[in-house]
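Throughout, read-outs are computed from the coordinates displayed, never taken from laboratory work. Just so it is clear, the structure is predicted and the values come from calculations on it, not from any experiment. Cβ sites come from the backbone with ideal geometry, for glycine too, and all protein chains shown count toward neighbours.
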There are 4 protein chains.
Amino acid sequence: MSSPAPRRPRDGGQPPRGRPRSRAAEDAILKATLHLLRRKPLCEITADAIASRAGVSKATIYKWWLNKNRVALDAFLSEMREPSPIPDTGSTLCDFVEQLKAATRFYAGPDGRVLRQFLAEGQGDAEFLAVVRERFQQPRRRALRVLWDRGLARGDVRPDVDFELVLDLIFGPMVYRLLGRHNPLTDAAAEAIVRTVFQGVACDPMPPAP
Amino acid sequence: MSSPAPRRPRDGGQPPRGRPRSRAAEDAILKATLHLLRRKPLCEITADAIASRAGVSKATIYKWWLNKNRVALDAFLSEMREPSPIPDTGSTLCDFVEQLKAATRFYAGPDGRVLRQFLAEGQGDAEFLAVVRERFQQPRRRALRVLWDRGLARGDVRPDVDFELVLDLIFGPMVYRLLGRHNPLTDAAAEAIVRTVFQGVACDPMPPAP
Amino acid sequence: MSSPAPRRPRDGGQPPRGRPRSRAAEDAILKATLHLLRRKPLCEITADAIASRAGVSKATIYKWWLNKNRVALDAFLSEMREPSPIPDTGSTLCDFVEQLKAATRFYAGPDGRVLRQFLAEGQGDAEFLAVVRERFQQPRRRALRVLWDRGLARGDVRPDVDFELVLDLIFGPMVYRLLGRHNPLTDAAAEAIVRTVFQGVACDPMPPAP
Amino acid sequence: MSSPAPRRPRDGGQPPRGRPRSRAAEDAILKATLHLLRRKPLCEITADAIASRAGVSKATIYKWWLNKNRVALDAFLSEMREPSPIPDTGSTLCDFVEQLKAATRFYAGPDGRVLRQFLAEGQGDAEFLAVVRERFQQPRRRALRVLWDRGLARGDVRPDVDFELVLDLIFGPMVYRLLGRHNPLTDAAAEAIVRTVFQGVACDPMPPAP
DNA sequence: CAATAATCGAGACGGTACGTCTTGTCTTGGC
DNA sequence: GCCAAGACAAGACGTACCGTCTCGATTATTG
């Protein structure tokens, strides 16, 4: 869904009573948060800074969001362009290469910096991590299913490999680099990862798993 | 040296003057920190808690460590068993499977919980992340070189694949799961990852990268 | 008029337009405020609490009253019984004793608790203090004039003493006790005060003031 | 006592451990509070304002004082000159007149403004009121005992009148005026009050209380 | 054995963010 | 035009933690 996830989403069917929630305030909050997210690490952004930059009361923030991480996540997702369109080059390998290249550029840029912070915050806040998964990671992973299914249909890829495993094999190394910073996030690396995942590192065909 | 990295290591050649550093205090600090690390997330551990549990002054902590994350890292590393001995089953694939299984059990246990916190803290503190890399990740990665080299010597694995890439392909998916919590950290997953990395996901032999 | 002092009294001559002011709302507000006044100190009563207990919007409160202190004052005065009837025992002293006893019982009871709060709030809000004076204190003081005049007519009391001074001499000590809580608010104290004010504390007749 | 009343007074006999409390911080806090007390009503003074003006952390304030009222009381008492010396004119009446005049000037000036606020705050905080009584009111009341005793020794005043009652008769009217603002706080009023308390308002000697 | 020097425990300190609370105003739609 | 509902800006509250500091006591080496 394109709507942000307010703390108390409108769900009942009855007509809303009272003064309606101010879109202006919400927009200002998200905009201010984005502005700050682009300039400093999440852990250095304060609720007061968001409020004052947005010209908004802190209470308004805490009324609609559980904490500043949730605000930041909503801000981040609100500016997300559509996930890069699923490529269709005719080659499953090339499709995944394109996909991982796109992801890598994303990771390597300012958005990647923010994503790292989200994953970091998620390590101490399981609920937040789950939300990041649901709202950022899973939609993108699910979208790739068609790519894999196309490969299966074409006979490009092995039908005995779990799709979840494939995703982790392809994105895991890059996420590992995103967080560990021990190796570069480049197009070349993306291509090498996908090619190797497709081809394997063994010299000869392997015996099937027991 | 395997000793912890004090803030101001004694390095000059002249004999130390004044009261020598108290080993007892250092041990108490590390022990107290470990105790707390096992019970709560790093971000909820306070320097005061460490000091009071160790029966030590906070100043003593900050005299020898830059901040509490560094204390925690030292405490964590001080109790690290020797990295699991490099297996030698005769099969490179099996060696890597064993290795990833060991790592997975580590990740899945209490130490993994702590490691996640370190990676998380590292996202907002590049210097700390670098230290985690140097003192935890790199030694373990380097140790695996022999494994890969054995495989190369045997002709088990493709010589055109970068070793750094291999490590990321094998450990990346599991680290991704460690941090993303979207898929389980099991022996079976470890085995599937390594087998698939070796064999590839493509049906047919792929053309070599250009 | 004995009606409460609304923020915007209807005073123009033109017939009111639109929906008339709801008596029910006003009554509910005063009733709810009284309920709360009996249970907790004024400074702990919030406008929200009044509104929600009255089933009324906060805006309605602020539409008709300047602030919650004014609401509380109106609520307090609305339940005031008629000021105790001016006694006429034949003795001016006894009349004042009866009067101060009645006041003392008032001060010592729940109403006294509320009155203390009003005086307290008045210390930081001169306008409010003035209203308390006008609507509570002055009517009661004025009513006692007849008592003093009767005493003068009878020759019971000295004609050279200012009536304002007398009131302060008689009620001041008790108000002092009400606010300072250093001495009890009892009938005995009331009687002692009045008797001593009448008789004086000096042993011998004093020379008149110059 | 001349020492302020810290939240945790030094009481044990053991030598103090750790960094000693900073006199400079305490002085700065009291000085800043006084500065603010002279410029605005107590209820408009914030802990943040005191802290920032004193160049002190808010935590330091809350470490030593229960709340800002207590800080203000300490600040107020710290600048109190010695209570005006007990006069000895030879006439008990004149002594009391001088005393009440001094008090009246005090009440009518900036200190009186502050004292009013303390009494006001005390109405919603019994503990605070008790402290105000103990540290401000009672010492001053006790000091007047000698005055009354001198009067008794001289035979100036009636021995059957309770001293507590006398104090309330003399100071009550003025405190009443201080808080009610219905009559002026002047030297003339002070003199009239004392003379009338001494002489009584009745025309003739009264019959003794039954 | 005294002087020197560095460490230690204790704990106060300045700074800063937190998330909550209350006030009084404003904005809807319904009556 | 009045109302209930309730969102809103403003800003104080008291708490928590960080990393630094100050103190007196302790424990070594050096003279």
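3J(HN,Hα) couplings calculated from phi for the stretch C:124-139 with the Karplus curve 6.51 cos²θ - 1.76 cosθ + 1.60 (θ = phi - 60°) are, in sequence order, x, 8, 4, 5, 5, 4, 4, 5, 4, 4, 5, 9, 10, 6, 4, x Hz; Gly and Pro show x. Mind running the shape call on the stretch D:121-201? Use the C-alpha gyration tensor, a ≥ b ≥ c as the square roots of the eigenvalues: rounded below 1.5 for a/c, prolate if a/b tops b/c, oblate otherwise. Oblate, because a/c is 1.5 or more while a/b does not exceed b/c.
Here the simple spin-label model places points 7 Å from the Cα toward Cβ, and for D:LEU66 and B:ASP88 these points are separated by 7.5 nm. Taking the number of Cβ atoms within 10 Å of each Cβ as an exposure proxy, the fewest-first ranking of A:ARG135, D:ARG81, C:ARG39 is D:ARG81, C:ARG39, A:ARG135.
Taking a ≥ b ≥ c as the square roots of the eigenvalues of the alpha-carbon gyration tensor, the stretch D:57-104 is classed prolate because a/c is 1.5 or more and a/b outweighs b/c. One residue of chain D places its C-beta nearer than any other to the axis carrying D onto B; that residue and its whole-Å distance are D:ALA59, 4.
Based on the Cβ-Cβ distance from B:ALA59 to A:ASP162, what FRET efficiency comes out when R0 is 45 Å, to the nearest 0.05?
Values: r = 54 Å, r/R0 = 1.19.
E(calc), rounded to 0.05, equals 0.25.
Pairs of Lys residues in chain C, spaced 8 or more positions apart or belonging to different chains, with C-alpha separations under 16 angstrom: 5 in total.
Just need the relative contact order of the stretch D:92-201 here, percent rounded to a whole number, with Cα pairs under 8 Å and 6+ apart.
Details: 72 pairs, mean separation 49.2, N = 110.
In percent, rounded to a whole number, it is 45.
Placing dummy labels 7 Å off each Cα toward the beta-carbon, the span from D:GLN138 to C:ALA102 is 3.6 nm.
Would you mind computing Rg(Cα) / (2.2 N^0.38 Å) for chain A, counting N as its residues?
Values: Rg = 20.5 Å, N = 210, 2.2 N^0.38 = 16.8 Å.
That works out to 1.22 for chain A.
For the stretch A:35-81, the calculated P(r), taken from all Cα-Cα distances in 5 Å bins from zero up to the bin holding the longest distance, is 5, 21, 33, 28, 10, 2 percent.
Inter-label distance, A:ASP187 to B:ALA47: 4.7 nm, where each label sits 7 Å from its Cα along the C-beta direction. Taking every C-alpha pair closer than 8 Å and separated by at least 6 residues, the mean separation divided by the residue count of chain C gives a relative contact order of 21 percent. Position A:GLY18: other-copy label points at 2.2, 4.4, 6.1 nm, ordered by increasing distance, label point 7 Å along Cα→C-beta.
Need one value for C:160-169: mean number of C-beta atoms belonging to other chains within 10 Å of its residues' C-beta atoms.
Averaged over the peptide's residues, the number is 6.
Counting Cβ atoms of other protein chains within 10 Å of each residue's Cβ and taking the mean over peptide C:189-195 gives 4. Sorted shortest first, the separations between the D:PRO85 label point and its copies elsewhere in the assembly read 5.8, 9.5, 9.9 nm; each point sits 7 Å from Cα along the Cα-to-Cβ line.
Given axes a ≥ b ≥ c from the Cα gyration tensor, I'd like to know whether the protein assembly as shown is rounded (a/c under 1.5), prolate (a/b larger than b/c) or oblate. Prolate, since a/c reaches 1.5 and a/b exceeds b/c. Estimated purely from DSSP H runs of n ≥ 4, each contributing -39500 (n - 2.57), the mean residue ellipticity at 222 nm for chain C is -18500 deg cm²/dmol once divided by its residues. Label-point distances for B:ALA126 to the equivalent site in the other copies, using a point 7 angstrom along Cα→C-beta, read 3.4, 6.1, 6.2 nm when ranked shortest first.
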